[in-house]
Structure formats: C-alpha cells, structure tokens
Amino acid sequence: MDEALELSSFMPVSYGTQSEGEYIAFLWDAFRSNYEGGKFEFASLAFHLLYMSYVGFSIWQIRLVREQDFRRALIGFQSESEMKLLSAVNPFLFYEQLKESQIFRFLKLIGCANEQVGEFSKFVKRRNKIAHPSGTVFFNDRAAIDAEIVDMMREVRNIESHMKPVISDMYGRFLLDSAEQEELQYDTLDQEIEVNLIHRDYVSLKDIEICLEYDISVHAAHQKFELIGTLHHSLSERFGADIADVAA
C-alpha cells in the first residue's frame, strides 16, 4: 500500500476544476477500499487509471513545452483527431482521441526509446486481461498486486526522470511570463503560482522539487530579476516542507 500511495506525490497538487479533483479522489478511494477489502482485481483497475492519469499529465506538460515536437508526433493522425489533441483544454481529453497504448508514443519526445515505451505500456495489456470476463482472477492475493504496483511505480519514476528538462523549461517559462507582464495577473504571489503554474501545468510535488532546483541566476540580467527571485522563493516557502515530508 505504501508503495502505491507514493504515486500521490507524482500527481498534481491541485486541479483546474473541482470535477477533475473529485475524479482523482474517487480513484484513490476506489483503490484503497478495494485493496483493504481484499478485492485486488478492482484495486488494480483503479490504480491503473491513476497511473494513466499521471501519464496524461506528463503528455500535457510535453505539449505545453515542446509544442512543435508534439505537432510533428501527430503526423499520421486524422486531421480531426490532430486538431482535438492540439486544442484539448485538459489532459483527460487526450484519451477521447487516443487508445491508451497510443499515448505512450509521445514519451519518445523526451528521449524514451522504443524499449522503454514498451515497458511503460505493458500495463495496458495486463489491464485488458482483467477488464474483460475471463473466468480467472488475475490478482488473487496481496503479493500479486503489490508486485504489480512496484513495477508500475518503477516506470513512473523512470518517466519523471525523463521529464526533468521539460519541467525545468516549463518553470522557466512561468517565471519569465510572470516577470514580463506589466503587473502580475493576480493579487498575491501564491495566487499567481496556484493558477499560472500549479493549475495550468498540472504540477505535482515531484515537479515542484525539480522547479526548486532551477538555477534562476540564468535570468540575472532580466530587468525584473528581483521579481523572479521572489516568485522562486515563494514557491519554496509554500511547498518546501511538503517536499521534505515526501523525501523523508
């Protein structure tokens, strides 16, 4: 169970809409209740949806930061699907246009090789085995689902390690976009961070950990470098303790 709960630190801190947050909370509740009740098959299905949600959030960030690469990766899609993927207003809409196994192809944009993509997507095939009536209980004990979760979390960490350059660029863009406005869009720095970083980019605690490693000195010549530093400090003040708790 503890291994599974680690996934929460890879999921967005908060969501742009209440319904999105409620959906993820529902999946966590379904996972916990079925896991604790010994219904491991259903717990596995809920955890799979959480895993695929994490993948969707990562693809969303790739689209934001590597838009031209993302566009090139759409070659071969029908034009209608291509437009919907480019105009999707949240990551969940990707799955209306893509089969689950297809979405992993976009991880090649962050340097994942075909072999790695195959490792990421193998869980879809396993899920398909238990999502259809087969007369067999695939996960019939705690050890079996725990082993599956360990395997899935290894791939989550692998994806996140490849995402570091994307997260760093995304954060740098946020700092510059905020600094280059005549005035901040929101009244407080916390609101600016909440809306224009956390919500917009579906940022997790693990992402914030990467953000806090960002070297803001590369913007030392910017006329609003002081504001950039203040934003960076505010992010650290707000989430530093949470990150320390996750790392402990």
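Cβ-Cβ under 9 Å, sequence separation 6+ or interchain: first residue in the stretch 183-197 and assigned by TED's automatic domain parsing to the domain that holds T17 and more than 15 Å from Y171 (Cα to Cα), partner of a type in the set (S, T, Y) and modelled with pLDDT under 85. Which pairs?
If the second residue must be of a type in the set (S, T, Y) and modelled with pLDDT under 85, no pairs are left.
Consider the stretch 14-48. How many of its residues are in contact with a Leu (Cβ under 6 Å, 6 or more places away or on another chain) and either basic (K, R) or at pLDDT below 95 (or both)?
Keep residues of the stretch 14-48 that are in contact with a Leu (Cβ under 6 Å, 6 or more places away or on another chain), which gives 27, 46.
Filter again for either basic (K, R) or at pLDDT below 95 (or both), leaving 46.
Looking only at that region, the number is 1.
If V89 satisfies every condition in (1) out of contact with any strand residue (DSSP E or B) (no Cβ under 8 Å at 6 or more places or on another chain); (2) in a helix (DSSP H, G or I) but one, which is the exception?
Unmet for V89, out of (1) out of contact with any strand residue (DSSP E or B) (no Cβ under 8 Å at 6 or more places or on another chain); (2) in a helix (DSSP H, G or I): (2).
Quick check on my filter: what residues within the stretch 212-248 are among the aliphatic types (A, V, I, L, M) and either touching a strand residue (DSSP E or B) at 6+ places or on another chain (Cβ under 8 Å) or assigned to a helix (DSSP H, G or I) (or both)? Explain how you work it out, then say what you get.
We begin by selecting, within the stretch 212-248, every residue among the aliphatic types (A, V, I, L, M); these are 212, 216, 218, 220-221, 227-228, 231, 235, 241, 243-244, 246-248.
Within the stretch 212-248, L212, I216, V218, L227, I228, L231, L235, A241, I243, A244, V246, A247 qualify.
With the condition kept exactly as written, say whether any residue in the stretch 120-135 is assigned to a helix (DSSP H, G or I) and either within 21 Å of R66 (Cα to Cα) or modelled with pLDDT of 95 or more (or both).
Within the stretch 120-135, one or more residues are assigned to a helix (DSSP H, G or I) and either within 21 Å of R66 (Cα to Cα) or modelled with pLDDT of 95 or more (or both).
Restricting the search to the stretch 1-37, which residues are touching a residue at least 24 places away in the same chain (Cβ under 8 Å) and in a loop (DSSP other than H, G, I, E, B)?
Result: M1, M11, V13, S14, Y15, G16, T17.
Can you find even one residue in the stretch 203-211 that is within 18 Å of the chain's Cα centre (by Cα) and not in a helix (DSSP H, G or I)?
First pass over the stretch 203-211, keeping only residues within 18 Å of the chain's Cα centre (by Cα): 203-211.
Filter once more, so that each one left must be not in a helix (DSSP H, G or I): 203-204.
Yes - at least one qualifying residue is present in the stretch 203-211.
The values are calculated or read from the model by the stated rules, or taken from the named source; none is laboratory data. Owing to the predicted nature of the structure, the values given are computational and were not obtained by experimental measurement. We place every Cβ from the backbone using ideal geometry, glycine too, and count neighbours over all the protein chains shown.
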